[in-house]
Amino acid sequence: MKNYKINTAFYLGGPELLRETLKNNFDLDVEYYAIIDFTGFEKMVDVLAPDGIEIDVEKNMSANIGVSLDSGLQKLNGKELLGYARFRKDAEADFGRVRRQQQIIKTMSNELLSTNGALKLPKLIGTVQPYVQTNFQSADLFNLVKDIALEPPQTVETLTIPVENSYTNVRYEGVGMALDIDFEENKEVIKSFLEGDSTGLVSGEDAVSEG
């Protein structure tokens, strides 16, 4: 059995192999998925917030993200926000990228669940649909969006895997740097998180991702 980074499962076998990998390693049964490409993300942001999404950019960013961002509170358009989400050329590397992506998810969720955001949902779905790969049926997707719009959640909870002190950095030949994690500990944390038991959670670091 070869050791690969978890995102290699998606590269080799698409969403189905990734779902199987998550089930085998984390006992996490992902029933539905939606995958949006870079173009779709940019268009989604620009439809949802034509004037931009307000983000406090923590530092100057430009390396390998296709845009140049200055530090400070500002409104980012779709291309700029995508660049912010992708940046990892600093001391935090993937750890910082995951943290910023969670920040974006929460900020965009707040925008989407606002009154103006809910009114834009039909246009938003129509705009990004060509860029989304999903196993949702159209009717189920519209019902889900309708339910969220009518009864928006009060908060969006996130969890980063692997959790702190549950992994070591290793280098595999032909793969590069990766995280060697304690699967049993992380499975328990995921279970506690999904069951709403915050007492069983440990503060997290980064998910296994591309290096």
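The values are calculated or read from the model by the stated rules, or taken from the named source; none is laboratory data. Quick caveat, the model's predicted, so the values are computed rather than measured. Cβ coordinates were reconstructed from backbone atoms using ideal geometry, including for glycine residues, and neighbour counts include every protein chain displayed. Just so you know, the surface numbers come from the protein's heavy atoms only, side chains and all, with ligands and any DNA or RNA stripped out. Shrake-Rupley method; radii C 1.70, N 1.55, O 1.52, S 1.80 Å.
What number, in percent, do you get for the relative contact order of the chain if the mean sequence gap of Cα pairs under 8 Å and at least 6 apart is divided by its residue count?
Values: 263 pairs, mean separation 47.4, N = 211.
Contact order relative to length: 22 percent.
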Fill in the blank from the handout: Whole-Hz Karplus couplings 3J(HN,Hα) for segment 55-64, θ = phi - 60° and coefficients 6.51, -1.76, 1.60, Gly and Pro as x, run 9, 8, 5, 7, 7, 5, 9, 7, 5, 6
Practice task
Under 9 Å from the Cβ of ALA63, count the other residues' Cβ atoms, weight Lys and Arg +1, Asp and Glu -1, and hand me the total.
Solution key: +1
Fill in the blank from the handout: Candidates LYS79, LYS59, LYS191; GNM for the chain (alpha-carbon contacts under 10 Å) flags as most fluctuating LYS59
Fill in the blank from the handout: Of TYR33, TYR4, TYR11, TYR172, ordered by accessible area with the largest first and a 1.4 Å probe, the sequence is TYR11, TYR4, TYR172, TYR33
Problem - Proximal lysines to LYS191, defined as alpha-carbon separation beneath 16 angstrom and excluding residues fewer than eight positions away on the same chain - result: LYS23
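Considering every pair of different Cα atoms, what Kirkwood radius, in Å, is found for segment 46-135? Before the final figure, lay out each step's value.
Working: mean 1/r = 0.0712 Å⁻¹.
By the Kirkwood definition, the hydrodynamic radius is 14.1 Å.
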Practice task
For segment 1-106, list log₁₀ I(q)/I(0) at each q in 0.10, 0.12, 0.15, 0.21 Å⁻¹, using the Debye formula over Cα point scatterers of equal strength and ignoring solvent, two decimals each.
Solution key: -0.37, -0.52, -0.76, -1.13
Problem - For the chain, calculated [θ]222 nm from helices alone, where every DSSP H run of n ≥ 4 adds -39500 (n - 2.57) - result: -14500 deg cm²/dmol
Exercise for the section: Just need the relative contact order of segment 84-202 here, percent rounded to a whole number, with Cα pairs under 8 Å and 6+ apart. Expected result: 15
Problem - Top of ALA85, ALA49, ALA63 by mean-square fluctuation, Gaussian network on the chain, Cα under 10 Å - result: ALA63
Problem - Per residue, in Å², the accessible surface of segment 1-84 once ligands and nucleic acids are set aside, probe 1.4 Å - result: 60
Completion exercise
Counting sequence-distant residues (5 or more places) and residues on other chains, those with an amide H built under 5 Å from that of VAL57 are GLY72, LEU73, GLN74
Practice task
Please get the size of the charge dipole for segment 60-125, origin at its Cα centre, with Cβ charges of +1 on Lys and Arg and -1 on Asp and Glu, quoted in debye to the nearest 20.
Solution key: 180
Handout entry: LEU22 - accessible surface, heavy atoms, 1.4 Å probe, Å² rounded to 10
Key = 40
Problem - Simple spin-label estimate for PHE10 and ALA139 in nanometres, 7 Å along Cα-Cβ - result: 3.0
Exercise for the section: Take the chain, connect every pair of alpha-carbon atoms lying under 10 Å apart with a spring to form a Gaussian network, then pick out the residue of LEU144, LEU113, LEU121 with the largest mean-square fluctuation. Expected result: LEU144
Practice task
Compute the distance in nm between two label points, each set 7 Å from the Cα along the Cα-to-Cβ direction, one at LEU194 and one at ILE125.
Solution key: 2.6
Completion exercise
Straight-line reach check, LYS59, cutoff 22 Å on alpha carbons, 8 or more apart in-chain or any other chain, hits among lysines -> LYS75, LYS79, LYS89, LYS106
Fill in the blank from the handout: Expressed in angstrom and ordered largest first, the alpha-carbon extents of the chain along the principal axes are 48, 40, 36
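Using the beta-carbon distance between ASP147 and ASN60 and R0 = 45 Å, what value does 1/(1 + (r/R0)^6) give for FRET efficiency, to the nearest 0.05? Before the final figure, lay out the partial values.
Numbers: r = 41 Å, r/R0 = 0.91.
The pair ASP147/ASN60 has a calculated efficiency of 0.65.
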